[in-house]
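Okay, so here's the structure we're looking at.
The values are calculated or read from the model by the stated rules, or taken from the named source; none is laboratory data. From a predicted model like this one, the values you see are computed outputs, not experimental measurements. With ideal geometry, Cβ positions are generated from the backbone for all residues, glycine too; neighbour counts draw on all protein chains shown. Just the protein is used for accessible areas: all its heavy atoms, side chains included, with ligands, DNA and RNA removed. Shrake-Rupley method; radii C 1.70, N 1.55, O 1.52, S 1.80 Å.
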Amino acid sequence: MNFVHCSFLFLAFVLFSLQITFAISVDDLHSTVTKMRDLSHEKYTKSHKKFRFFDTDSSESISREEFMAGLTKLGYKTSTKKLDHIMNELDINQDGRVEFVEFMRPTAKKFKEEQELERGADADRAFEYFDKDFNTKLTAQEIYEGLKHLDKMKGISLRQVEEFVRDYADVDG
């Protein structure tokens, strides 16, 4: 039974990894920024430095005027329309000020995409480890060969793996 749970979780992970989406919700935004900070991620540090550059009054938020002044200081000529677009994109709660977490949204989205792609690459590598004949399908034999060396799988027979595949994993016969 331990085998069934372990293998089912592995196969579910592989299937889940193939259905990656890159959207980032407001809730995800906060947790992703926190994760970046906790990892001492370079992008977090750089973004925080950029945020402080714009936040000239140290209020922990950037006003429309601060954005305009910062962009001008950097040499950008920004129209009212472009500034409106920037503020609308970043100011999630539409309070007229951009807090650090809101400022981090594009960076956090990119970070999350990279993390998801890494997980997908891990799933691809795991699949390739099992797919010995490289036909993009896993047989019970390939799964058995890939797992039999694990201590927790010592008592598992090829027949048990075949039953598992037939009962839980074989979707195309």
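Results for (1) at pLDDT 85 or above; (2) exposed (fewer than 15 other Cβ atoms within 10 Å of the Cβ); (3) part of a loop (DSSP other than H, G, I, E, B), shown as yes or no for each residue.
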position	(1), (2), (3)
Phe10	no, no, no
Asp27	no, yes, no
Lys43	no, no, no
Ser59	yes, yes, yes
Lys77	no, yes, yes
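Tell me, yes or no, whether segment 105-125 has at least one residue that is open to solvent by 100 Å² or more (accessible area, probe 1.4 Å), within 30 Å of Met36 (Cα to Cα) and free of Cβ contacts under 8 Å to residues at least 12 places away in the same chain. Scanning segment 105-125 turns up at least one residue that is open to solvent by 100 Å² or more (accessible area, probe 1.4 Å), within 30 Å of Met36 (Cα to Cα) and free of Cβ contacts under 8 Å to residues at least 12 places away in the same chain.
Conditions (1) open to solvent by 30 Å² or more (accessible area, probe 1.4 Å); (2) modelled with pLDDT under 85; (3) closer than 30 Å to Tyr144 by Cα, marked per residue:
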position: Asn2; (1), (2), (3): yes, yes, yes
position: Phe22; (1), (2), (3): yes, yes, no
position: Arg64; (1), (2), (3): yes, no, no
position: Met68; (1), (2), (3): yes, no, no
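Residues in segment 135-146: is at least one closer than 30 Å to Thr32 by Cβ and either over 28 Å from the mean Cα position of the chain (by Cα) or open to solvent by 80 Å² or more (accessible area, probe 1.4 Å) (or both)? No, segment 135-146 contains no residue that is closer than 30 Å to Thr32 by Cβ and either over 28 Å from the mean Cα position of the chain (by Cα) or open to solvent by 80 Å² or more (accessible area, probe 1.4 Å) (or both).
Among the candidates Arg119, Arg125, which residue alone is part of a helix (DSSP H, G or I), closer than 30 Å to Tyr144 by Cβ and either touching a Ser or Thr at 6+ places or on another chain (Cβ under 8 Å) or of a type in the set (Phe, Trp, Tyr) (or both)?
Every option except Arg119 fails the conditions.
For segment 147-171, filtered to residues that are of a type in the set (A, V, I, L, M) and within 32 Å of the chain's Cα centre (by Cα), the residue that is most open to solvent (accessible area, probe 1.4 Å) is Val171.
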